[in-house]
1. Determine the distance separating the Cα centre of the range 350-427 from the Cα centre of the range 296-313; give it in Å without decimals.
2. Please report, in debye to the nearest 20, how large the charge dipole of the chain is about its Cα centre when each Lys and Arg carries +1 at its beta carbon and each Asp and Glu carries -1 there.
3. State whether the range 1-125 is rounded, prolate or oblate according to the following rule on the C-alpha gyration tensor (a ≥ b ≥ c being the square roots of its eigenvalues): a/c under 1.5 gives rounded; otherwise a/b larger than b/c gives prolate, and the remaining case gives oblate.
4. Taking the mean number of other Cβ atoms within 10 Å as a proxy for protection, how do you rank 731-741, 382-392 from highest to lowest?
5. For the range 624-775, with the dipole built from +1 on Lys and Arg beta-carbon atoms and -1 on Asp and Glu ones, taken about the Cα centre, which of P650, L672, Q685 lies farthest toward the positive end?
6. Enter the Cα centre distance for the pair the range 617-683 and the range 21-86, rounded to the nearest angstrom.
7. Using only Cα atoms, tell me the angle between helix 657-677 and the longest principal axis of the chain; keep it within 0 to 90° and round to the nearest 10.
8. Show that you can apply the helix-only estimate: for the chain, add -39,500 (n - 2.57) for every DSSP H stretch of four or more residues, divide by all residues, and state [θ] at 222 nm to the nearest 500.
Amino acid sequence: MRDAAPQTIRLADYTPYPFRIDHVELIFSLAPTATRVLSTLKVTPLQPGTDMRLDGEDLLLIRAAIDGAPVSVTPDATGLTVPAALLPDGPFTWECEVQIAPAENTALEGLYMSKGMYCTQCEAEGFRKITYYPDRPDVMAPFDVRILAAEDGSTPVLLSNGNPTGHGRWTDPWPKPAYLFALVAGDLVSVDDSFTTRSGRDIALRIWVRPGDEGKCAYAMDALKRSMRWDETEYGREYDLDIFQIVAVDDFNMGAMENKGLNIFNSKYVLASPETATDRDYELIEGIIAHEYFHNWTGNRITCRDWFQLCLKEGLTVFRDQQFSGDMRSHAVKRIDDVLMLRARQFREDAGPLAHPVRPEEYIEINNFYTATVYEKGAEVIGMLRTLIGPEAYRKGCDLYFERHDGQACTIEDWIAVFEDATGRDLSQFKLWYSQAGTPRLDVAEAFSDGTYTLTLRQETPDTPGQTDKAPQVIPVTVGLLGRDGRELAPSTTLELTERTQSFRFDDLPERPVPSLLRGFSAPVILRHEVSREDQLLLLAHDTDPFNKWEAGRSLAKSTLIAMVTEDTAPSEAFLDALTTVAGDASLDPAFRALALALPSEDDLAQTLHASGVTPDPDAIHAARQSLTRAIAAHAEPTLSALYDTMAVPGPYTPDAKAAGRRALRGTALRLLSERDNGDRARAQFLSADNMTEQLAAFSALLIIGQGSAAVGTFYEQWHEDRLVMDKWFALQVSLAPPEKAVRACKALAAHADFDWKNPNRFRSALGALTMNAAGFHNPSGEGYELLADWLIRLDPVNPQTAARMTTAFDSWRRYDTNRQRLIKMELERIAATPGLSRDVTEMVGRILAA
Ligand SMILES: [Zn+2]
């Protein structure tokens, strides 16, 4: 069905569409295998004499007409071309009717069915599977939609974008690109609320779910209202339709989608109750509801000119949702979480064959570029911009952006220009963050004499696929200076590194300071600074910057683990003492203490070893991490035991940050104590917990120490009818299995009656979980690689997007020993040689193999 020769699309080749679409009318007659879509477009030629190209895939063309007169056009594999000779020179009406089969659409792009419900996913290029249309973000038009219910009576609820104008009739007055189109039809119930905007308009809010799930929407609704208020106060953005709707869908490739006025969500990011959702689930729901809502202005009202500009909407909107979550919870904890995620996903991507700039310059399949680099690094770039120009100038620039570009499809150049105009500052060097891939390395040299401390910073960005000899970037480095007694010798200040090598002086210091560098993680770089253990302990004890306080503990844990792996040393008493002190320090936020006690992941350690020229051994890393866990548990046992008792949250469950922080610290203590009490506390907590956070913490602790078999059965009995909880049951048994049992556990669960491999959440909960079990996945026999490859080959014809995304588990293959490299390469080549492989997976495997 796909085009035979995948084409490379290039940013440099952009040309505007030669027609304007003034209005779109769509009429849907729903039927599972024969849905009819009649589209009527009002078109104005901008360059008369040009052929009209419309995108379309997997469509059965019934008829087409121009100004009411039938025309004969022959579709090809990717669309159809209406020859200029058939087109009037002035405005005309294009009409076409197609037939599609949503029940047969397993790729979950375009119009598809999820357990009897019709729904759509059109970003990036799904609309072309609904009708012939210029499916590109720079073509924006107002839409009128009419949905005729399925004849089988299965679709009493008929939803689309905009405001309702009758049963199954919707009008969206705001011009939008086709990727923001949405349709949902099915047997749904709504939870209703309302919101009054700051100008006094009443907005109807509706969350649509399957009957039975109504009781799990309260938190999402609350998060939505807080998001709407926050966008008004922090960015001056008010909602612009009479109604805002969210639909929860079980079968969904992504997290959620910001369709205008009708957001569609993976049900795991909407539905929550204390019994079934963890604190982490609540936090994700809050963040993702906010993210999709914020897109209404950053993405929808102002959209991207082309898909190369994806970071224009995603980087900015991720940054906005991070600010929001920080305001709702704790900025320090949120920052640490975000950096953990950035390092785990984006730094890894940047260090491997899939490295690409925040704004890529070419792609074969745009679905492969919804990456950590575009999203997370894209958000870091906005954060740096705000740090460099200050919060007031940042707000001024944003205001100008909304004022100048409302209703337009824009580029990164447009975005940068508003800040240049608002501040008078030249941001051309800053723009390199969008075009240069790779994580900059920052080397640090220090000198001190006569009260003057000199800090010399040198930046270097490694080569990445297709890019060498990179120019120096603008790097904001926030610095504090501490004295030997731990007090601040100079206030926090942000240095602007713009040269390859640059020195900064601090005068009139009473003593040689201990620098606290890159406070708040002020730039997404790798700091290479030799710090003595003594200084790290001082920063861990005294740094007033919470991020760097955490970072000091992290660095100590990492160097301890690396030494355990490479030199077989034991962890130092000083480190264990310091960690115990932090754990028991009642002046610190419990959520922060939980993060301080968490050890670097096995993948993080592998990445670090590889960067320092050592071939990582996944088994040795796993063993070291386990042995350090036991050492901490033994050393801190009295403190942990006290924490386990004092951090208990009295009263009924509430998902607020304070209670969640206490549960996080208590869960961490439980995990460590399980190494000491053979799981006694965990077994008791597993049975008595009245919320999923505590039940899952106990379940996880038991699985890690190999005492989980009884709990596995009990948990299944208790929850087998709840699909979202069952995803957790699948995932934990694989991700927490002892390495030698992980592949077997994954195979057994993939054969389980409840394993629905066509559901992306369930597929990820078994196969994705295997890739999370680093030592299990990298079993030297290669059976982990083989199992994943088998499943990706099977999934590809059904859902290429999800299959392609999961190939990234192989992207670190060059890190490992020759035996593992050979085994992974063999599997990648086996995937690549599969007949009829999708363009998504072909591109990904090709890029990974090219390493
Ligand atoms: Zn987004």
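1. First find each Cα centre; the distance between them is then 10 Å.
2. Details: 87 positive and 122 negative charges, 125 e Å.
Using Cβ point charges on Lys, Arg, Asp and Glu, the chain gives about 600 debye.
3. Values: a/c = 1.97, a/b = 1.36, b/c = 1.45.
Judged from the Cα gyration tensor, the range 1-125 comes out oblate (a/c at least 1.5, b/c at or above a/b).
4. Details: 731-741: 20.6, 382-392: 17.9.
Ranked by mean Cβ neighbours within 10 Å, highest first: 731-741, 382-392.
5. Looking along the dipole axis, the top candidate is L672.
6. Here the two parts' Cα centres lie 61 Å apart.
7. The angle comes out at about 60 degrees.
8. Values: 28 runs with 334 residues, N = 851.
That calculation yields -12000 deg cm²/dmol at 222 nm.
The values are calculated or read from the model by the stated rules, or taken from the named source; none is laboratory data. If you're wondering where the values come from, they're calculated on a predicted model, not measured in any experiment. FYI the Cβ positions are ideal-geometry reconstructions off the backbone, even for glycines, and counts take in every protein chain you see. For the accessible areas, the whole protein counts, side chains as well, though only heavy atoms, and no ligand, DNA or RNA atoms are used. Shrake-Rupley method; radii C 1.70, N 1.55, O 1.52, S 1.80 Å.
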